[in-house]
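Quick notes on the structure that follows.
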Amino acid sequence: MSIRIDEKSCVGCKKCVEVCPGNLIKIINDKACIKRQKDCWGCTSCIKECKKNAIKFFLGADIGGKGSLLSVEEKDNFRKWIVTKRDGSKEIIVVNMKESNKY
Ligand code: SF4
Ligand code: SF4
């Protein structure tokens, strides 16, 4: 499992650094980068925390993702999980965060 960080979108706010439970992300020249890709266990904390949408999760063959990228967008109480496939098509799952612990 691994994440991908888009340097162009990253503003160096360090929020991803603060939430990574494995201390895997560092800031170099005001840009986030992951230290040891193979140590990432895909908790998605950094992806959810990045408000610039600069981090995506790579869904490789090991988990049946066929190279898709997972990203997150949030607005009001809703979180969108977006899977962008290699052909550019997208699958979107919308979660109402207010009700996500209801059941
Ligand atoms: S949270 Fe996003 S914008 Fe902030 S440092 Fe991390 S990747 Fe960059
Ligand atoms: S997905 Fe989790 S473990 Fe992996 S880099 Fe992000 S915060 Fe760290």
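None of the figures in this text is laboratory data; all of them are computed from the coordinates on show. In this text the structure is predicted, and so the values were computed from the model without any measurement. No Cβ is skipped: glycine too gets one built from the backbone with ideal geometry, and neighbour counts run over all protein chains shown.
Figures for the structure shown
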| quantity | calculated |
| --- | --- |
| In Hz, Karplus ³J(HN,Hα) per residue of the range 30-42 (6.51, -1.76, 1.60; θ = phi - 60°; x = Gly, Pro) | 6, 10, 7, 8, 8, 6, 10, 3, 5, 8, 5, 9, x |
| Choice from Gly67, Gly42, Gly88 with maximal GNM fluctuation in the chain (Cα, 10 Å cutoff) | Gly88 |
| Around Ile34: net Lys/Arg minus Asp/Glu count, Cβ-Cβ under 9 Å | +3 |
| Average projection area in nm² (convex hull over Cα atoms of the chain, one quarter of hull surface) | 7.3 |
| Assigned charges on the beta-carbon of Lys, Arg, Asp, Glu; the chain dipole about Cα centre (debye) | 100 |
| Phi-based couplings in Hz for the range 12-18 (Karplus 6.51, -1.76, 1.60; Gly and Pro marked x) | x, 6, 6, 4, 5, 4, 5 |
| Lone cysteines, the chain (no partner Cβ under 4.7 Å) | Cys10, Cys13, Cys20, Cys33, Cys40, Cys43, Cys50 |
| Distant-in-sequence amide H partners of Arg4 (H built 1.01 Å from N, under 5 Å) | Lys56, Phe57, Phe58 |
| Net +/- balance of residues flanking Gly67 in space, Cβ distance below 15 Å, scoring K and R +1, D and E -1 | +3 |
| Mean separation of Cα contacts under 8 Å, 6 or more apart, over the residue count of the chain: relative contact order % | 21 |
